[in-house]
Amino acid sequence: MAVAQTIRAAGLSAFYERRDAPAASLPRDRADESFDAAASEAVVAPIDAVQGETALLIEGLRCGACVWLIETWLARQAGVCSASVNLATSRARVRFAPARTDVAAILRAIAAVGYRAHPYDPARREAMVRKESRALLTRAALALLAMMQVMMLAAPAYVASDGVDAEYAALMNLASLVLTLPVVAYCAWPFFAGAWRSASNRILGMDVPIAIGVAAAFAASVWATLQGEGHVYFDSVTMFVALVLCARWLELRVRERAGDALEATARDASPTAQRLTGYPDVKEVETVAARALAPGDVVRVATGVTVPADATVVDGRSSVEEAILTGESRPRAKGVGDRVLAGSINRESPLVLRVDAVGEATALRAIARLAERAAAERPAAARLADRVARTFVGALLVIAAAAAFAWTFIEPARALPVAIAVLVVSCPCALSLATPAALAAAAGTLARLRVLCVRPNALETLSRVTHVVFDKTGTITTGALKLVRIDALADDEALQLTRAMALEQGSTHPIARALVEQPSPREPVVAHDVVAIQGCGVEGTIEGERYRLGRPAWSLPTTLSPEDCVPAAGEIVVALADTKRVLATFRLGDELRADMPALIASLRNAGIRSSIVSGDDPATVADVAGKVGIAAHRGAASPEDKRAFIAALQARGEVVAMVGDGVNDAPGLARADVSIAFGNAATLAQWTADVVVPGDGAQRIGRALATARRTFRIVRQNLAWALVYNAVAIPLAALGWLTPLAAAAGMSASSLAVVLNASRLRNAKPRRTAAR
Amino acid sequence: MDILYMLIPLSVALAIVIGACFGWASASGQFDDLEGPAHRILDDDDRAH
């Protein structure tokens, strides 16, 4: 067989010792021709100049050995840098050098060792998740049904004061056996498969005690039924299986919801687009697939329609909802020259857009890739929980064996029930569910807020943050200039503003944008012969008169006293002048984000200190700090100073989060315990941070911190509960004070308590923290 | 009490029939979406979906 030869030739025969399920054979000829077709839909995200990454969905993964084999095998392929396979999601992430290999070759390599791989596709994942959920629900429901029937048949044995007649007891036991058989053979199958899988990998999973408990109780009951003497535990077996399956189904639903919220960003923005060919001369509309668009194309986006690509407005004025990117449903006004992002929805009136980026290059896809990477990696907290659970299972098996051994001397008839009760009552489920259930619920909440934890441990660090350091420009402020004040030295303000707007009409300079954005105070005028002089300003003719708008020193130095033009902290002053005198000065400032003061206040209420570090001059920084209510601030800081500032805080024992726009603060972001990139979603591709908060809505940072804290509080509660429960229940069971039935009830109740406690995170409304 | 010899097998058979019915319903996707239909009944437009 070709697959076996490949594996042997590669010196990977250890796989045959590790694997625990025979492979399904793959028809080679059929696979071969489909590779190139499949590879063409694959999405390769560039990592840097030489590396790319692609996500694959692998069919036929059965166990840890499969994961090991595929990872090892792929890492040996020419051009492949690294591969990681996630058994739980059946997803592989492969980093490779596109210059040296391609996706078709990788798919072929995976097929060579006997697995079928596809480019990762949300629809396929959905189908797989649905299948899993359906199978689990069917198993749980059938086990519940059998449980009810078996309970009824067991009831007479519990209530009859002098026991049931032997002949009826035999009949009832036989009926119970018939009803329990499918529960053990079908419903409990995942436990046996899981136990076998972990045993063959020499790992103690939580399925092991469940499987041993079910098998031992069932075997003893069958023996008692056939012999016609001894106790039967059919009721315990069915109840145990039914309750554990219910707990798992609930857990799966929590996980699925979290996944759904992430998937929303992974879908294509819009399947079709209306392309205007020959714009602006001919306005002919042609409907094309959004994938077929190219940068430079002009598209029309009707009201209520999703924007197909990242683009710049060339005509029209509307408001656009960016909820899919930023989680914020309040529409934002967009006019000519503004950028709109793929996935946002046009709300008011049609827009004509020039496409800047399509497909993989859009901000939406960049967010989706970050979200996928975040979902694929397991935080250290979850790995630790796994290790603890494994040790616990090992200890549990020893205790059960010891209890059984001790009871054979005290009362041999009770040795088996006691051992079963010990295995069943203990709660490896609660222990190993405690962390993942809370993390899954938190992931769902954060995904709805569009807060992406890119590094696996970011959430844990966020929960411990004591100090948040903000960058100023683009973080505390919007980074865009805004007109603050007009001082008219002649005529009225409205007239001067109208003239200034006319001069700046065609310019894309930030100062021009700030002026042009103003609502026109009166009938607009038109400027002719406008020339822009680099570094100085613009000059043009309005109604026969020549005007200059720009730096006061340039506009007309002689008639302006210097005091008029001294910019206040953080402001820029431009002057409008005709050929004789200065007519008006315009003061422009960097606008504060409206919700920043509220965020700072809510952080303060949560006991988290804040400070501002910026490269701007100290007076400006002090001014801004005063406005948002931050006491600690530092201006004129070089990137190296920012790093030192954070290091000094850390030396005092603070856990520091740095919030920046993600582009200019690399040293500071790298030094902080956890870095948060916040702001302009359009530049997202350049962001390197642990946590990414695209778009406006500063309150989301506060909510993310609060969610992280709640998550780890719930993890601690869950772990404490699981430990206390086990510390009480295991000795009780070992001393023979619990029947297997009571043990099963207790175990399931404690598992459910943990899952429900975690789901509080999902249901909790974002806490409304008052500004004061 | 001999009636038990009929009733118990009957109840077991009934349970198996119910289980089979549920298995069929689940396999045909009736439990895939437990929330959507409750909202859909309020939706006047019968053509949607």
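The numbers here are math on the coordinates, done by the rules we state, and not lab data. Only a predicted model underlies this, so the values are computations on that prediction, with no experimental measurement involved. No Cβ is skipped: glycine too gets one built from the backbone with ideal geometry, and neighbour counts run over all protein chains shown.
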Summed over the other residues with a beta carbon less than 15 angstrom from that of A:W737, with K and R at +1 and D and E at -1, the charge totals 0
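Once a ≥ b ≥ c are taken as the square roots of the eigenvalues of the Cα gyration tensor of the range A:588-674, is the result rounded (a/c under 1.5), prolate (a/b larger than b/c) or oblate (a/b not larger than b/c)?
Values: a/c = 1.68, a/b = 1.15, b/c = 1.46.
Since a/c reaches 1.5 but b/c is at least a/b, the shape of the range A:588-674 is classed as oblate.
A:E229 to A:A361: extension gain in nm, 0.36 nm per residue of separation minus the Cα-Cα distance?
Values: separation 132, 0.36 × 132 = 47.52 nm, distance 7.24 nm.
Length gained between A:E229 and A:A361: 40.3 nm.
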Which distance in Å, rounded to a whole number, links the C-alpha centroids of the range A:584-652 and the range A:217-249? 65
Between the range A:514-554 and the range A:329-357, how far is it from one alpha carbon centroid to the other, in angstrom? 27
FRET efficiency, 1/(1 + (r/R0)^6) with R0 51 Å, evaluated for A:V724 and A:Y158 via beta carbons: 0.95
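Need one word for the range A:440-558: rounded, prolate or oblate. Basis is the Cα gyration tensor (sqrt eigenvalues a ≥ b ≥ c); a/c below 1.5 gives rounded, then a/b vs b/c decides. Intermediate values should be presented prior to the final figure.
Values: a/c = 3.44, a/b = 2.95, b/c = 1.17.
Prolate is the answer for the range A:440-558, as a/c is 1.5 or above and a/b outweighs b/c.
Taking beta carbons within 10 Å but only from partner chains, what does the mean come to for residues B:12-20? Let's see the in-between values first.
Working: counts 9, 1, 1, 11, 6, 0, 4, 11, 1.
Per-residue shielding by partner chains comes out at 5.
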Per-residue counts of other Cβ atoms within 10 Å, averaged by peptide: what ranking do you get for A:187-196, B:22-31, highest first? A:187-196, B:22-31
For B:I16, A:I730, what's the fewest-to-most ordering of other Cβ within 10 Å of each Cβ? B:I16, A:I730
Find out how many positive minus negative residues lie around A:T225, taking Lys and Arg as positive, Asp and Glu as negative, among other residues whose Cβ is under 14 Å from that of A:T225. -3
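Can you put A:F234, A:F405 in order of Cβ neighbours within 10 angstrom, beginning with the fewest? Before the final figure, lay out each step's value.
On the way: A:F234 31, A:F405 11.
Ordered by Cβ neighbours within 10 Å, fewest first: A:F405, A:F234.
Using Cβ contacts closer than 10 Å as the measure, can you line up A:V214, A:V724, A:V656 from fewest to most?
A:V724, A:V656, A:V214
From the square roots a ≥ b ≥ c of the eigenvalues of the alpha-carbon gyration tensor of the range A:591-634, which class results: rounded (a/c under 1.5), prolate (a/b over b/c), or oblate?
Working: a/c = 2.65, a/b = 1.55, b/c = 1.71.
It is oblate, given that a/c is not under 1.5 and a/b is not larger than b/c.
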How much FRET efficiency would the formula 1/(1 + (r/R0)^6) give for A:A480 and A:S638, where r is the Cβ-Cβ distance and R0 is 30 Å, rounded to 0.05? 0.80
Computed E for A:A127/A:A651 - FRET, C-beta separation, R0 51 angstrom, nearest 0.05: 0.45
